[in-house]
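Read the figures in this text as sums done on the coordinates, not as results from a lab. The model shown is predicted, which means the values in this text are computed figures rather than measured ones. Ideal geometry is used to build each Cβ from the backbone, glycine not excepted, and the neighbour counts take in all protein chains shown.
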Amino acid sequence: MKFGIIVFPGSNCDHDCYHAVKHVFGCEAGFIWHKSSCLDGLDCVILPGGFSYGDYLRTGAIARFSPVMNAVQAFAKKGGLVLGICNGFQILAEAGLLPGVLMRNSGLKFICKGASLRVENNTSRFTSAYTKGQIVNIPIAHADGSYYADDDTIKLLEDSGRIAFRYCLADGSGAPDAAPNGSRADIAAILNEAGNVMGSMPHPERACEATLGQTGGRAVFESLLKGFV
């Protein structure tokens, strides 16, 4: 399986993603500069975390106009797998590849810590290696990670099984403050209608190695690889 990792000015998690797919999972991987218009030969495109274009205007608002995003749009339309992590999720939402927006955290502070997540959908290309209801810990690191969408969109996501992960308490239960950033419906990650695009505020690439103390994100990549075994 071949991965392409998009690099925008201000990306800072691109090498984390490269390390995960190349060195942890042994896949072919390469960096794609934001001015590129070619994604030929790739099986999965990752939009990594960071601060693309310094988060000017709002997160992802400028990056969504980078030349590479036309190629990402076409790649996704053809069924290519697209994973947006943190700032990547924000860019996918700005580009209309995923519904809703990512807003300033409810506490108006940058949050960097482990987060308990509950697996809501284990049938997607990104989550099939998990079990439904499984509780995992995957780190978050963002200031603008509060997911917002109107009531109709939230209901659509709920009814169509497009919520991949929710924030929860350590025991798996929900609470008014389960989402550390104030996300509506405790949403941490969502899927597009076709199921080939996922946006995740938590960083699975940072939770793939026991030597680093966390492995809750491994199954995201294991799920992707299952379709290519």
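The count of lysine pairs in the chain whose Cα atoms are under 22 Å apart, excluding pairs fewer than 8 places apart on the same chain, comes to 12. Length gained on full extension, D171 to E28, computed as 0.36 nm times the residue gap minus the Cα-Cα distance: 47.8 nm.
Across region 139-202, Cα pairs under 8 Å and at least six residues apart give a relative contact order of 37 percent.
Expressed as a rounded percentage, what relative contact order does region 84-132 have, with Cα pairs under 8 Å and six or more residues apart?
Working: 23 pairs, mean separation 8.7, N = 49.
Value for region 84-132: 18 percent.
The GNM of the chain, with springs linking C-alpha atoms under 10 angstrom apart, assigns the highest mean-square fluctuation among P139, P67, P99 to P67.
Around the Cα centre of region 1-101, unit charges on the Cβ atoms of Lys, Arg, Asp and Glu (plus for the first two, minus for the last two) sum to a dipole of about 200 debye.
With an 8 Å Cα cut-off and a minimum separation of 6 or more residues, compute the relative contact order for region 54-169 in percent. Please list the in-between numbers first.
Numbers: 155 pairs, mean separation 30.4, N = 116.
Rounded, it is 26 percent for region 54-169.
The distance between label points at K132 and Y148 comes to 3.2 nm (points 7 Å beyond Cα on the Cα→Cβ vector).
Restricting the chymotrypsin sites (Phe, Trp or Tyr not before Pro) of region 12-59 to loop positions (DSSP other than H, G, I, E, B) with no more than 12 neighbouring Cβ atoms within 10 Å leaves Y56. Count the DSSP beta bridges whose two residues both fall in region 2-226, then state the antiparallel fraction as a percent rounded to the nearest 5. Rounded to the nearest five, the antiparallel share is 55 percent.
Between the amide H of G84 and those of L47, M198, G199, S200, distances stay under 5 Å, these residues lying 5 or more places away or on another chain, with hydrogens modeled in the peptide plane. In terms of its Cα atoms, the chain spans 44, 40, 33 Å along the principal axes, sorted from long to short.
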